[in-house]
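Report on one structure; see the data block that follows.
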Amino acid sequence: GENVEQHPSTLSVQEGDSAVIKCTYSDSASNYFPWYKQELGKGPQLIIDIRSNVGEKKDQRIAVTLNKTAKHFSLHITETQPEDSAVYFCAASKDNAGNMLTFGGGTRLMVKP
Amino acid sequence: DTAVSQTPKYLVTQMGNDKSIKCEQNLGHDTMYWYKQDSKKFLKIMFSYNNKELIINETVPNRFSPKSPDKAHLNLHINSLELGDSAVYFCASSLTGELFFGEGSRLTVL
């Protein structure tokens, strides 16, 4: 089955700096790669996703890149703010409906004011 | 008007007991899920239902039994609770792609 590895497990940055979280996946048939943000005491929430037919997608301060050949994808957050502090999860799936998402282990991002 | 709601939010119980967690979604989604998040924050799918029918059943002990009375509800019943069942259980729903999670139910088995 699919295996998704995520690094780093914790990341501390100064407010205003950029943060990068990286994931690798094992199944070359995976074609849908969402990123979820989990705030303390809440359920994960989708922040951005990318499908295998594009290499990059951007939404304001958040961007995701995908390298299908190398089987890795990354989340980039620019101009970080304290409210970006949360646990971030990458995931991969072979179907666009998200029925069989395999999550990475999560990255705890701390943005210091 | 919470989209995915689950009850109870906290559950503390003794080993060997049976407990249930209820989930309801008002988004009109066809597919609902149960995920388990362990103490290291690792998220793993347990079950998936589509229109009341089981479509995914991961390697989960048969002490865990999901029940979907209608497509807006997916309940989780756990028999003979063990210490290792302590975790946060998340219900989620989806239409296409995006998962909408509930706020989680923290189960502590003593």
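What follows draws every value from the coordinates through simple rules; no lab data is involved. These figures come from a predicted structure and were not determined experimentally. FYI the Cβ positions are ideal-geometry reconstructions off the backbone, even for glycines, and counts take in every protein chain you see.
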Inset, instruction - Go through segment A:4-18 and give me each residue that's in a loop (DSSP other than H, G, I, E, B) and within 12 Å of chain B (Cβ to nearest Cβ). - result: A:9
Inset, instruction - Sort out which residues of segment A:8-33 are closer than 14 Å to residue A:51 by Cα, out of contact with any strand residue (DSSP E or B) (no Cβ under 7 Å at 6 or more places or on another chain) and hydroxyl-bearing (Ser, Thr, Tyr), and write them in order of number. - result: A:28
Inset, instruction - Inspect all residues belonging to segment A:25-36 and state whether any of them is among the aliphatic types (A, V, I, L, M), away from chain B (no Cβ under 14 Å) and part of a loop (DSSP other than H, G, I, E, B). - result: yes
Legend entry - Unique residue being surrounded by fewer than 20 Cβ atoms within 10 Å (Cβ to Cβ) and either in contact with a Ser or Thr (Cβ under 9 Å, 6 or more places away or on another chain) or not acidic (Asp, Glu) (or both) when the list is A:102, A:65, A:80: A:65
Legend entry - Residue count for segment B:79-104, restricted to those that are under 11 Å from the mean Cα position of the chain (by Cα) and surrounded by 22 or more Cβ atoms within 10 Å (Cβ to Cβ): 8
Inset, instruction - Scan A:21, A:48 and give me the residue that is within 11 Å of chain B (Cβ to nearest Cβ), assigned to a strand (DSSP E or B), touching a residue at least 24 places away in the same chain (Cβ under 8 Å) and not aromatic (Phe, Trp, Tyr). - result: A:48
Legend entry - residue B:78, sole failed condition from (1) farther than 24 Å from residue A:91 by Cβ; (2) in contact with a His (Cβ under 7 Å, 6 or more places away or on another chain): (2)
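Between B:49, B:33, which is in a strand (DSSP E or B), more than 10 Å from every other protein chain (Cβ to nearest Cβ) and either touching a residue at least 24 places away in the same chain (Cβ under 8 Å) or closer than 23 Å to residue B:86 by Cα (or both)?
Details: B:33 fails: more than 10 Å from every other protein chain (Cβ to nearest Cβ).
So the residue among B:49, B:33 that is in a strand (DSSP E or B), more than 10 Å from every other protein chain (Cβ to nearest Cβ) and either touching a residue at least 24 places away in the same chain (Cβ under 8 Å) or closer than 23 Å to residue B:86 by Cα (or both) is B:49.
If you scan segment A:56-77, which residues turn out to be in a loop (DSSP other than H, G, I, E, B) and either more than 14 Å from the chain's Cα centre (by Cα) or within 27 Å of residue B:44 (Cβ to Cβ) (or both)? I'd like the intermediate steps shown before the answer.
Here is the first cut: in segment A:56-77, the ones in a loop (DSSP other than H, G, I, E, B) are A:60-61, A:68-71.
The answer is A:60, A:68, A:69, A:70, A:71.
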Inset, instruction - Output the residue which, of all residues in segment A:68-77 that are among the aliphatic types (A, V, I, L, M) and farther than 13 Å from residue A:33 by Cα, is surrounded by the fewest Cβ atoms within 10 Å (Cβ to Cβ). - result: A:70
